[in-house]
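The structure appears below as structure tokens.
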Amino acid sequence: MTQPATTPIAPAPSRDVTWTGLFTFLLLGWSVLLVPSSIREVEATFGQSDGGMGLAYLLNNLLYITGTLSVGWVAGRLLRAPVLAAGPGLIALGLAIIAIAPAWGVFLAGFLVLGLGGGLIDSGVNALFMDLYEGRAAGALNRLHLFFALGALASPLAMGLAISNGVAWQAVVAGTAVVAAPVALALATRRVPPVHAAREEADTVPAMPPGGGGRLRLLPLPLVALAVAIALYVAAEIGVSSWLVRYLDDAPVAQATLALSLFWAGLALGRLVSSLVADRVGAVRYALVWTSAAGIAILASLLAPTIPLAIACFAVAGFAAGPAYPMIVAIGGVLYPGRSSMVSGVLVSAAMVGSIVYPPLMGVLSEVVGLRAGMFGAGLAMLVSAAAILVAARLARRDGAVHAGAPAAVAGAPR
């Protein structure tokens, strides 16, 4: 029986490039939670309501999506390193504007710049790691997203500690801006592989199918299924993160915030473990099992008879959900090698759609039928995300797996 060809293993990238990328994602995780962590102080400083902040979040996310979609196109026409460096550079600029903003309009401008910089980092560094670790991206992407989780775990703790000790929230924001500037310089001076410009551009142009048919195909169906999977995963993850403290309203504040910390600690631990073992297991099977487990754990929390048991379920959900995002991106990278910026841009943008749509919807559900229904929806979204991963794998098999190396990515998929 003929064995399927596999994607050639690329040589090990230099450690300075890898560590710069990891630290950049640590910065991203830290910076994106600075404003949410200080939302009470931000609203008081600028006289804003929750509605005003909701609009700010929406605009920030739209600029984030703009960054994720543009980075591959721009990097394919310019040197990749300066384009990547623009991400932390814009984060430094945006945070600096936020820190000194005298009025709401100025704050909003800085918040938009922050979103654009975050999108450039998210898509750009994901694509960079897919190129650096082609053929073994699952473990590398789990390590990368582990650093995001560590930043996201530490930022609220640091902001809360600073505010409780009388330090102005703007001081923490300004300090992060100072740190982001040298990160931009480090990325600009690293030797990174170029973007496969011709292949990336080919994916942005509608292609005629073989045989002269008239149907245009904008995106391959397996990638569309992966986009659905990652959108639903992020909708559930951000939904739980945004509303968990409010959901545990009967618990003391310290206990409820501990639950949120444990959820993110679980995410970080799950990514750490996955970075060590994911490359040894079929990517699809691994993502399918753990995403399903996360959904089951969230649903189990609704049946927990006590608050401590519910908190334990959310900690387990975090651990199980940890590898989902990087594994979905890794599957896309293996299915479409040499098109990392296209894959990363599509998947990160789909993830942002999930973060925009569902967390606000949970607020509406809370007003109408209660927040318990919103948490049920988050658990269900995780399970449907797992189903979409399976659909993507089967579509890849049906289409001949797009390229010769793709069977390795879908080897673990149930038939």
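If the chain linking A44 and I100 were pulled fully straight, counting 0.36 nm for each residue of separation and taking away their Cα-Cα distance, it would gain 18.6 nm.
The stretch 224-311: percent of C-alpha pairs farther apart than 17 Å?
Numbers: 2123 of 3828 pairs.
Cα-Cα pairs of the stretch 224-311 separated by over 17 Å account for 55 percent.
Available extension along the chain between S261 and L58 is 70.6 nm, counting 0.36 nm per residue and deducting the alpha carbon span.
Taking all protein chains together and a 1.4 Å probe, the residues E237, E41 rank E41, E237 from largest to smallest accessible area. With +1 on the Cβ of every Lys and Arg and -1 on the Cβ of every Asp and Glu, and nothing else charged, how large is the dipole of the stretch 250-387 about its Cα centre, in debye rounded to the nearest 20? It works out to roughly 340 debye. Working from label points 7 Å from Cα in the Cα-to-Cβ sense, the T306 to A188 distance is 5.6 nm.
V173 sits with roughly 0 Å² accessible to a 1.4 Å probe, with DNA, RNA and ligands left out of the calculation. Annotation: T66 carries an accessible surface of approximately 70 Å², with a 1.4 Å probe and no ligand, DNA or RNA atoms counted.
Between V167 and V289, the simple spin-label model (points 7 angstrom out along Cα→Cβ) gives 4.2 nm. Counting only heavy atoms of the protein chains and using a 1.4 Å probe, V353 has close to 70 Å² of accessible surface.
The values are calculated or read from the model by the stated rules, or taken from the named source; none is laboratory data. Everything quoted here is computed from the prediction, not taken from an experiment. Note that we place each Cβ from the backbone using ideal geometry, even for glycine, and neighbour counts take in every protein chain shown. Protein only, heavy atoms only, side chains kept; ligands, DNA and RNA dropped before computing areas. Shrake-Rupley method; radii C 1.70, N 1.55, O 1.52, S 1.80 Å.
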